[in-house]
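Read through the structure below, which is laid out as structure tokens, and then see the notes.
Derivation of every value follows stated rules applied to the coordinates shown; laboratory data play no part. Because the structure is a prediction, the values reported are computed rather than measured. Every residue, glycine among them, receives a Cβ derived from its backbone with ideal geometry; neighbour counts consider all protein chains shown.
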């Protein structure tokens with residue numbers, strides 16, 4: 001009998017974590033050669049085309065006309081704005097530090113959900129959100145290579161718009177699968193990013209090869225393939241397993257950033273990151289007697305990481321989705 005950790009669903013979940021974690025250092029490479037606008041536009045367009053090619057095989061349905069305003073909101077926040085803000089932030093913020101800051105997206109998601117969707121805030125959610133935000137403050141104020149800059153606030157703004165995205169996807173996920181919502185949002189984000197095309201053309205003409213390879217990697221793997229295997233994994237694994245695995249995105253991003261870019265996180269950043277993860281764990285801690293289906297699932301990539309019929313708190317983010 002095949003060991004559980006070698007099953008296709010566990011391998012898909014592991015691949016998702018690694019892909020979304022690797023997006024953060026890949027952004028650092030891409031933004032240096034393509035600039036913020038060029039990297040954002042090319043990554044979104046590559047991912048959108050890839051997901052559209054997969055759509056017929058994944059039986060992705062055409063969205064209902066009445067859902068288009070919400071889909072546009074998802075594309076504007078979770079795709080276009082998220083990419084621009086995260087990429088701008090990583091101009092100065094180290095890749096590993098950015099992953100730690102994006103990790104608090106679930107705190108913004110649940111707080112926005114309570115305001116917009118009138119969702120009940122449990123004690124765990126309130127305390128967890130406070131702890132996660134405190135961890136982000138520690139990371140932002142750390143001294144050293146990832147020290148406090150205005151760019152750290154830009155990365156936090158990326159986490160906020162990702163939170164808006166997750167709230168906006170909740171009504172859609174009552175009627176569509178997570179992969180469908182991700183595809184709709186990516187295509188909407190690509191359309192909204194079209195004004196970036198002229199700047200992208202000039203940047204791409206003079207971009208070094210490593211930047212072009214990086215954006216191709218980001219668009220095809222963390223952004224497109226990551227969504228596909230994430231949807232496959234969460235459809236077949238327990239909710240708690242999927243949630244727990246995604247806590248590893250930020251730590252894996254730190255490791256990948258060290259191996260790829262030689263970034264060494266400041267000890268204070270590690271402490272702040274641990275505090276943030278502890279807060280996210282508290283947010284997702286199941287309250288006795290409360291149905292598991294009501295619990296938010298967290299993800300850190302870079303863009304969006306919705307699972308089938310669920311609201312998932314990008315990836316990306318790297319993701320996650322997101323990075």
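Sorted on the mean count of surrounding Cβ atoms within 10 Å across their residues, most packed first, peptides 151-161, 104-114 read 104-114, 151-161.
Over segment 4-294, Cα pairs under 8 Å with separation of 6+ residues give a relative contact order of 41 percent.
Cα convex hull, segment 89-236: 149 Å³ per residue, rounded to a whole number.
Scoring 203-210, 276-283 by mean Cβ neighbours within 10 Å over their residues and listing the highest first yields 276-283, 203-210. Inter-label distance, residue 115 to residue 197: 3.5 nm, where each label sits 7 Å from its Cα along the C-beta direction.
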